[in-house]
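*Asks:* First the structure, then my questions, so here it is.
The values are calculated or read from the model by the stated rules, or taken from the named source; none is laboratory data. Everything quoted here is computed from the prediction, not taken from an experiment. A quick note on method: Cβ atoms are made from the backbone with ideal geometry, for glycine too, and the neighbour counts reach across all protein chains shown. Each accessible area value is taken on the protein alone, full model and side chains, heavy atoms only, with ligands, DNA and RNA left out. Shrake-Rupley method; radii C 1.70, N 1.55, O 1.52, S 1.80 Å.
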Amino acid sequence: NHVYHLHRTRYHFQPRKNWINDPNGPMYYNGIYHLFYQYNPKGAVWGNIVWAHSVSKDLVNWKKLEHAIYPSKPFDQYGCWSGSATVLPGNKPVILYTGIVDDKQTQVQNYAVPANLSDPYLRLWIKPDNNPLIVADNWVNKTAFRDPTTAWFGKDGKWRVTIGGRRKHRGMAFLYRSKDFMRWTKAKHPLHSAAGTGNWECPDFFPVQVNGKNGLDTSVTGRNVKYVFKVSLDVTRYEYYTIGTYDIKKDKYIPEKDMIDGWNGLRYDYGNFYASKSFFDPGKNRRILWGWANESDTTDNDVKKGWAGIQLIPRTVVLDPSGKQLLQWPVEELETLRGKKVELSNQNLNKGEKIEIKGITAAQSDVDVTFSFNSLDKAETFDPSWDRYDAQKLCSQKGSTVEGGLGPFGLLTLASENLEEYTPVFFRVFKAQDKHLVLMCSDASRSTLMNGNSSMKDGKDAYRPSFAGFVNVDLNDKKLSLRSLIDHSVVESFGAGGRTCITSRVYPILAVCDKAHLYAFNNGTETVKIDTLKAWSMNRPKEMNH
Ligand code: FRU
C-alpha cells in the first residue's frame with residue numbers, strides 16, 4: 001500500500017479521495033476561476049455523480065468548496081452529469097447540466113444559478129422549479145442526450161446550445177435555441193453530425209482567431225474567425241476535432257474540406273485525455289482547455305488506493321498559423337511552481353547514448369528540450385502498407401529500443417536506475433513518398449514491473465498502451481522540441497510547441513519519488529544534439545483541495 005500512495009499526483013488537480021471524471025462548467029468570474037467536476041462522494045469507482053466545486057485565483061492553487069450540484073429533485077435524482085457554464089449579460093452565470101431522472105438513465109437538461117452573486121466563490125447553487133429546461137423529443141434517444149455546451153448568442157437575439165447524442169450510429173450535436181434562456185426550441189437540423197462515429201459525449205464548439213493568439217468569447221463571430229468542433233467518442237474513449245466555419249444562416253457547422261471528420265480525425269491528445277471542455281478567460285484573453293485523465297491501473301487497485309482520476313494541466317488553445325490544426329500549451333501559471341533548475345546545451349547523443357538529467361526531482365518535474373540534427377537523410381522509409389492513422393500500432397512495433405535512422409530519440413521519464421522501468425517519450429522520423437512523417441510516442445509498455453500487463457483497457461489488467469500520434473511539423477530547421485510534465489503517475493507531453501500532445505498514466509514500483517530518473521536518449525544512427533534542455537523540479541501548490 002505504501003507504493004500506491006506514491007502514485008498520487010502532486011501538482012495536478014486531484015481531490016484527496018474518490019472517483020472523478022469530466023471537468024464541468026469551467027469559468028472565470030469576477031477574478032476567480034471555477035472548476036466543477038464529476039465526482040463520486042462514495043467511492044473510487046464511477047457512480048452517485050455530483051458536481052464537486054473548487055475555486056482558484058491562478059489555476060494552480062485550488063480551494064475545495066461544498067458540492068455545487070447534487071441529486072435532490074425529480075429532474076436529477078439519479079445523477080447530475082456533465083454540463084457547462086455561460087455568463088449571461090449583466091454578469092450572471094448560469095449552468096446547464098444533464099440530469100438523470102430514472103434508473104434507466106433517461107437524460108434531461110437542467111439549469112442552476114448562484115444563490116448569491118455577491119459571494120465571491122459562488123458556493124451555493126439553486127436549481128429552480130421550472131426545470132428541466134429541455135427534454136428529448138420523440139425522435140431523440142433519451143439515454144444518449146447529454147452534456148450541454150456553453151451557450152452562444154446569435155445576431156437574431158437568440159441563444160444557442162448544443163447537446164451530444166446519436167441517431168443509430170451517427171454521432172450528433174443537437175441544436176436548441178432560446179430567446180430568454182428558459183424556453184428552448186430544437187432546431188430542425190443538428191449543428192453537426194457524422195456517420196459511423198457512435199454516440200457523441202461532451203461536444204465543444206468555439207471560435208478561434210485566425211492569425212492571432214488571443215482567445216475569443218464563445219459568441220464572437222466575424223471575418224478572422226474559424227471554429228473548432230470537438231466530440232468525445234463514447235465507443236473508443238478518445239476525442240477528435242475538426243476546424244471549420246459556422247454558417248450562421250443555416251445554423252450549421254461545416255468542417256473544412258481537408259479535415260477528417262471521423263475516427264481518424266485530429267486529436268487534442270493521443271493518449272489518456274477525455275471529456276474535455278474549453279472556456280474563454282476574459283482575464284487573460286485566452287481560451288483554456290481542461291481534460292480528464294482516467295486511471296490506467298486496474299479497478300481493484302483504484303479501489304485499494306481509494307482514488308481514481310485526475311484533471312490534467314489546463315492548456316491554452318490557439319489556431320496554428322497553418323490554420324490546419326490547434327496548438328496547445330500548459331497555462332503559464334504552471335511555471336510559478338518551477339523550483340530548482342538544471343540546464344544542458346550542445347550535447348551530442350550518438351547512437352545508443354543516453355545522458356542522465358541529474359539534480360532535479362525527476363518524478364515531479366517540468367522538462368523542456370530542443371533536439372537538433374544535421375540531416376534528414378537517415379530517416380527510415382515509411383512502408384506504404386503501414387496505416388498512417390494507426391500511429392499507436394507503429395509505436396508498439398518500433399519502440400524506443402528499436403534502432404532507427406533519425407530517431408528514436410527523446411526522454412526516458414520515470415525510469416528506474418537500471419531501466420527495469422521507464423516511460424519513453426520520443427520522436428522517430430520517416431520518409432514517405434510525399435514528405436517526412438514525424439512519429440511521436442509516449443510508450444507505457446515498459447513503465448512498471450507491476451503484475452498484469454495489457455494493451456487493452458478492460459479494467460482487469462493495467463492498461464499500458466504505446467500511445468502515439470504524428471506531428472505535423474516542418475523540419476526545415478532540423479529541430480524538434482518536446483516538453484513533458486512529469487508528476488508521479490502521469491506524463492503529459494507536448495511535441496513541437498504543442499502540435500501533438502500525448503498523456504500517459506503509469507505506475508512504476510521502482511521508479512518512484514527520489515528513485516525515479518530522467519534521461520535523454522538516442523537510438524538512431526543519426527547523431528542528435530540536445531540544443532538546449534531546461535528541467536525544473538516542480539513544487540507542490542500551497543493549496544490543493546485537501
Ligand atoms: C463522459 C460522460 C458524460 C456524462 C458523464 C457522466 O465521461 O460519460 O457523457 O455526462 O461522463 O459522469
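*Asks:* For region 269-297, name all the residues that are hydroxyl-bearing (S, T, Y) and more than 16 Å from the ligand (Cβ to nearest atom).
*Replies:* Y270
*Asks:* Okay, moving on. Could you tell me whether any residue of region 193-204 is crowded, with 17+ Cβ neighbours inside 10 Å and at positive phi?
*Replies:* yes
*Asks:* Can you go through G171, G198, G165 and tell me which one is within 16 Å of the ligand (Cβ to nearest atom), over 19 Å from G25 (Cβ atoms) and touching a His at 6+ places or on another chain (Cβ under 8 Å)?
*Replies:* From the options G171, G198, G165, the qualifying one is G198.
*Asks:* Name the single residue, out of those in region 293-334 being part of a strand (DSSP E or B) and among the β-branched types (V, I, T), that is nearest to R446 (Cα to Cα).
*Replies:* Checking each candidate, the answer is I310.
*Asks:* Every residue in region 220-271 that is part of a loop (DSSP other than H, G, I, E, B), of a type in the set (A, V, I, L, M) and either touching a Ser or Thr at 6+ places or on another chain (Cβ under 9 Å) or within 23 Å of F467 (Cα to Cα) (or both), please.
*Replies:* V235, I248, M259, I260
*Asks:* Continuing with the same structure: So which residues in region 40-61 are touching an Asp or Glu at 6+ places or on another chain (Cβ under 6 Å) and away from the ligand (no atom under 16 Å from the Cβ)?
*Replies:* Residues satisfying the conditions are D58, L59, V60, N61.
*Asks:* Within region 425-441, can one find any residue that is at pLDDT 95 or above and acidic (D, E)?
*Replies:* no
*Asks:* Of the residues Y227, Y253, Y240, only one is farther than 21 Å from C501 by Cβ and either buried (at least 17 other Cβ atoms within 10 Å of the Cβ) or within 16 Å of the ligand (Cβ to nearest atom) (or both); which?
*Replies:* Y253
*Asks:* Regarding region 75-85, can at least one residue be identified that is among the acidic types (D, E), buried (at least 21 other Cβ atoms within 10 Å of the Cβ) and part of a loop (DSSP other than H, G, I, E, B)?
*Replies:* yes
*Asks:* Hey, could you check region 86-109 for residues that are in contact (Cβ under 8 Å) with a residue 40 or more places away in the chain, open to solvent by less than 40 Å² (accessible area, probe 1.4 Å) and of a type in the set (S, T, N, Q) and say which is nearest to the ligand (Cβ to nearest atom)?
*Replies:* That would be T98.
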